[in-house]
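Below: the structure, in structure tokens.
The values are calculated or read from the model by the stated rules, or taken from the named source; none is laboratory data. As the structure is a computational prediction, the values presented were derived from the model and not from experiment. Every residue, glycine among them, receives a Cβ derived from its backbone with ideal geometry; neighbour counts consider all protein chains shown. For the accessible areas, the whole protein counts, side chains as well, though only heavy atoms, and no ligand, DNA or RNA atoms are used. Shrake-Rupley method; radii C 1.70, N 1.55, O 1.52, S 1.80 Å.
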Amino acid sequence: MEEKMIREILALQANDLNAGEEDPQTYLAMVSGQQDELESLMTVAARVKQALLPVEPSSAFVRSLRRSLLAMTGRKRSGASLLAKRGLLIGAAALGSALSVAGIIAYVVYARANAGARTPVHG
Amino acid sequence: MSIEENEAALVERAKEDPAAFGLLYQRYVKKIYNYVYYRTGNHHDAEDLTARTFYHALSNLDRYQNRGVPFSAWLYRIAHNQVANWHRDRSRRKVIALDEVVVASQRKVAPESLIESEEERNALLKAIRQLPSDRQQLLILKFTAGLSNVEIGRVMGRSEGAIKSLYHRTLLALREKLAGEMDVDGEKI
């Protein structure tokens with residue numbers, strides 16, 4: 001039970017450390033038997049927070065990576081539009097071929113029907 | 001509209017609009033850089049892996065869908081995988097981090113009080129880097145990125161309760177490590 005309490009308090013203390021607010025005494029008053037245990041863990045947490053200071057990437061790196069990524073998005077888009085154009089051309093060519101074949105078939109059917117109608121009846 | 005909803009809309013826009021991806025980049029580049037820096041310990045690799053993270057994100061953005069994993073968590077997962085690959089490659093060859101050399105040379109000229117404080121910080125960072133990968137990840141996401149336990153859970157694929165528990169165990173392990181160093185040196189670091 002006490003361990004669960006310590007876990008919850010440590011989570012709250014971490015939020016306080018991130019917010020720049022520290023009030024260990026309030027938390028220490030919440031536990032009865034394990035104040036030393038809690039205090040030493042809270043001290044470790046505070047030291048970790050101090051050690052993991054935010055670092056700044058160089059502005060030249062940030063700018064250069066941004067340029068490079070934007071160039072990549074441009075290439076991606078032109079690649080995609082090229083593919084779309086190619087797809088459209090292939091589609092149009094396929095449709096044209098299908099129409100040609102359909103036209104030839106229609107002509108053959110029509111020609112046969114006409115030829116049949118013109119055949120003289122003997123006898 | 002919440003920040004997450006705004007971000008989801010921005011991510012959808014970024015799939016078509018480079019300017020929107022530029023905004024996402026501006027929002028996360030420092031956070032990802034910090035995460036990678038503290039996992040690798042040097043600026044050179046931090047730049048390399050940050051770049052790889054964003055190239056990977058951009059290449060796979062079309063496939064990204066928010067299924068309970070916000071864009072930020074997805075980005076941290078990519079960064080985490082890049083770091084894991086880096087550690088795997090590095091374990092095959094012994095490399096001395098350049099920054100460690102720089103810090104060591106700076107110590108010789110810094111005032112004594114600064115030396116002590118920098119040494120203490122370096123010892124703590126060294127102890128953190130000796131922790132298992134998931135514990136390092138947790139501490140960096142919590143204290144450098146400032147993520148909540150719920151957000152860390154989304155990155156690491158664990159529940160909020162599991163993160164609280166891992167955090168507690170991590171502090172216990174770190175305390176033990178630091179106490180071990182104190183025994184060796186004969187004084188508190």
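A dipole drawn for region A:2-51 from +1 and -1 charges on Cβ atoms has a positive end, and of A:Gln34, A:Ala51, A:Met5 the residue lying farthest that way is A:Ala51. Modelled this way, with points 7 Å down the Cα-to-C-beta line, the labels at A:Tyr107 and A:Ala71 are 5.4 nm from one another.
Nearest 100 Å² is fine: what is the total accessible surface buried where chains B and A meet, probe 1.4 Å? List each step's numbers first, then the result.
Values: alone 11740 and 10420 Å², together 18280 Å².
Buried: approximately 3900 Å² between A and B.
Do the sum for chain A: with -39,500 (n - 2.57) for every DSSP H run of n ≥ 4, divided by all residues, what is the mean residue ellipticity at 222 nm, to the nearest 500 deg cm²/dmol? Kindly include the intermediate steps, with their values, before the conclusion.
Working: 4 runs with 100 residues, N = 123.
Mean residue ellipticity at 222 nm (helix-derived): -29000 deg cm²/dmol.
For B:Arg63 and A:Gln25, what is the calculated FRET efficiency with R₀ set at 35 Å and r taken between the beta-carbons, to the nearest 0.05? After rounding, the FRET efficiency stands at 0.10. Taking region A:36-60 and a reference point 7 angstrom along Cα→Cβ of A:Asn15, the backbone N atoms nearer than 19 Å belong to A:42-43, A:45-46, A:49.
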